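Have a look at the structure below before the remarks.
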Amino acid sequence: KTGMFTYDPGFTSTASCESALTYIDGDQGVLLHRGYPIGELAEHSSFMEVSYLLLNGELPSEDELDKFTYTISRHTMLHEQLSTFYRGFRRDAHPMAVMCGVVGALSAFYHDSTDITDPRQRMIASHRLIAKMPTIAAMAYKYSVGQPFLYPKNDLSYTGNFLRMTFGVPAEEYEIHPAVEKAMDRIFILHADHEQNASTSTVRLAGSSGANPFACIAAGIACLWGPAHGGANEAALNMLREIGTPDKIPEYIARAKDKNDPFRLMGFGHRVYKNYDPRATVMQKTVREVFDALKVDDPLFETALRLEEIALRDDYFIEKKLFPNVDFYSGVILSAIGFPTTMFTVLFALARTVGWVAQWNEMISDPEQKIGRPRQLYTGPTERPYVPLDAR
Ligand code: SDX
């Protein structure tokens with residue numbers, strides 16, 4: 001229908017929506033954002049540029065990129081009372097619980113950008129969400145480790161600002177390692193959007209009722225937290241730690257194939273990709289870059305490589321077309337940079353916010369859009385008369 005791709009009628013009838021943002025071919029392992037291959041964006045672009053692309057449909061000129069980056073930088077601070085909100089949580093609260101709560105609370109502070117019928121307010125809310133997520137994420141981490149919050153410094157890049165707010169302390173300046181900043185920015189690009197995944201569909205369904213964008217993104221964060229979805233990066237590194245050394249891999253492969261065992265290989269398999277997730281390819285390459293730059297080595301990377309090698313030779317995984325996905329290697333990198341596993345899904349949510357916001361905008365600005373209302377196949381009892389309590 002767009003001239004570039006044609007739908008087969010069968011597919012259109014099962015599609016939940018039409019969207020021009022992201023195209024995935026699961027059989028070929030293709031991922032395009034507004035037509036640009038994820039591998040090329042990861043190699044040559046920046047998260048700010050990809051954010052502009054997803055929101056506006058075209059790669060920005062230098063001037064457009066500067067203006068967009070400046071606009072985002074004007075919204076990076078949080079209302080000061082929100083830092084009090086953090087103090088209501090237990091210190092050992094999971095950072096995803098904190099992020100979910102704080103993002104949901106944003107609509108209590110930024111009412112001047114909750115009228116979804118006003119395109120100007122929609123754009124301000126979009127910029128606020130993209131800009132504030134790094135601050136919210138960094139504050140969730142600082143709160144969990146009992147360190148003071150750091151304010152954003154807008155002379156830093158979007159990603160550099162996040163790294164400093166997360167790892168910096170008032171006692172000394174945090175030195176942003178260029179290779180770490182580049183790897184982090186690339187990881188954000190790899191997580192930016194992914195068509196109608198569970199959390200994006202949650203944001204669209206919540207938004208279809210006219211709910212304010214902050215509440216919709218909070219709903220998306222809640223959905224992403226699940227271990228079958230965005231929580232898989234945390235689960236994948238915990239799994240690699242449990243496996244430990246490569247000699248233990250056969251035992252876990254056997255468990256993953258055993259239908260009576262709930263264990264699954266975390267970071268493997270995908271609802272859409274029946275081929276290698278193109279994001280996992282870039283992620284694997286990035287591991288080596290970060291290890292070399294930081295002069296670190298983590299034996300879990302070797303375990304991950306061996307696990308992939310053995311699984312991809314196994315008939316079960318070949319027959320079911322199970323390949324590593326975006327979550328398989330990301331944890332090894334994030335751990336090398338210094339993030340605890342509990343922050344991994346927070347980082348996924350930080351990056352996916354631009355995809356959620358772009359998809360929400362695409363839906364809400366369509367004058368034809370209606371409230372979502374999935375139907376069901378009823379499998380309960382047929383109609384029957386009420387039975388009084390004394391007759392039961
Ligand atoms: C993300 O949708 C997106 O786009 C999501 C995402 C995004 O960017 O938004 O890409 C991010 O969520 C990636 C996925 C992260 N999750 C994990 O890595 C968790 C481990 N993976 C599985 O839980 C699983 O692969 C799912 C949930 C991702 C998909 O599960 P499905 O829908 O059951 O997968 P499937 O139908 O293709 O499975 C086919 C078969 C099934 O067995 P049978 O019922 O046919 O006997 O393969 C089995 C599954 O049980 N299977 C696995 C497996 N994944 C699927 N067996 C062992 N280990 C696994 N990881």
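The values are calculated or read from the model by the stated rules, or taken from the named source; none is laboratory data. Note that the structure is predicted; figures quoted are calculated from it, not measured. Using ideal geometry, Cβ is built from the backbone for each residue, glycine included, and neighbour counts are taken over all protein chains shown. Heavy atoms of the whole protein, side chains included, go into the accessibility calculation; ligands, DNA and RNA do not. Shrake-Rupley method; radii C 1.70, N 1.55, O 1.52, S 1.80 Å.
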Test Val354 against the stated conditions and say whether it is under 30 Å from Glu18 (Cβ atoms), modelled with pLDDT of 95 or more, among the aliphatic types (A, V, I, L, M) and more than 12 Å from the ligand (Cβ to nearest atom).
yes
Evaluate the stretch 251-259: report whether one residue or more is of a type in the set (A, V, I, L, M, F, W, C), within 10 Å of the ligand (Cβ to nearest atom) and either surrounded by 14 or more Cβ atoms within 10 Å (Cβ to Cβ) or under 18 Å from the mean Cα position of the chain (by Cα) (or both).
yes
Residue list for the stretch 262-271, restricted to those being more than 16 Å from Ile310 (Cβ to Cβ) and more than 6 Å from the ligand (Cβ to nearest atom)
Pro262
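Select, from Gly101, Gly88, the only residue that is part of a helix (DSSP H, G or I), over 18 Å from Met165 (Cα atoms) and small (Gly, Ala, Ser). Outline the logic, then answer.
Working: Gly88 fails: part of a helix (DSSP H, G or I).
None of the other options fit; the residue is Gly101.
For the stretch 206-238, name all the residues that are touching a Phe, Trp or Tyr at 6+ places or on another chain (Cβ under 8 Å) and within 12 Å of the ligand (Cβ to nearest atom).
Kept after step one, since they are touching a Phe, Trp or Tyr at 6+ places or on another chain (Cβ under 8 Å), are these residues of the stretch 206-238: 207, 213-214, 216-217, 220, 224, 230-231, 233-234, 236-237.
Within the stretch 206-238, Gly220, Leu224, Gly230, Gly231, Asn233, Glu234, Ala236, Leu237 qualify.
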Just to be sure I understand the filter: pairs with C-beta atoms under 7 Å, separated by 6 or more residues or on different chains, first member in the stretch 288-307 and among the aromatic types (Phe, Trp, Tyr), second member at pLDDT below 95. Which pairs pass?
Phe291/Asp297
Picking from Ser51, Ser13, the residue that is part of a helix (DSSP H, G or I), on the phi < 0 side of the Ramachandran plot, modelled with pLDDT of 95 or more and not β-branched (Val, Ile, Thr) would be Ser51
Go through (1) part of a helix (DSSP H, G or I); (2) surrounded by fewer than 15 Cβ atoms within 10 Å (Cβ to Cβ) and name the single condition Ala218 misses.
(2)
Selection from the stretch 277-308 of residues surrounded by fewer than 17 Cβ atoms within 10 Å (Cβ to Cβ), in a loop (DSSP other than H, G, I, E, B) and in contact with a Pro (Cβ under 9 Å, 6 or more places away or on another chain) yields none
Can you tell me which condition Arg264 does not meet? The list is (1) within 19 Å of Ala235 (Cα to Cα); (2) in a helix (DSSP H, G or I), and all the others hold.
(2)
Taking the stretch 172-205 only, how many residues are within 16 Å of the ligand (Cβ to nearest atom), open to solvent by less than 10 Å² (accessible area, probe 1.4 Å) and aliphatic (A, V, I, L, M)?
5
State whether the residues of the stretch 227-249 include one that is open to solvent by less than 30 Å² (accessible area, probe 1.4 Å), of a type in the set (Ser, Thr, Tyr) and modelled with pLDDT of 95 or more.
no
Output the qualifying pairs, or none if there are none: Cβ atoms under 8 angstrom, residues six or more apart or on different chains, first residue in the stretch 265-287 and closer than 10 Å to Leu322 by Cβ, second residue assigned to a loop (DSSP other than H, G, I, E, B) and aromatic (Phe, Trp, Tyr).
Phe268/Phe323; Gly269/Phe323; His270/Phe323; Tyr273/Phe323; Lys274/Phe323
Would you please list the contacts, defined by Cβ atoms under 7 Å and residues six or more apart or on different chains, that run from a residue in the stretch 166-186 that is among the aliphatic types (A, V, I, L, M) to a residue that is assigned to a loop (DSSP other than H, G, I, E, B) and surrounded by fewer than 18 Cβ atoms within 10 Å (Cβ to Cβ)?
Val169/Gln147
Of the residues Lys285, Lys274, Lys248, Lys295, only one is within 9 Å of the ligand (Cβ to nearest atom) and of a type in the set (D, E, K, R); which?
Lys274
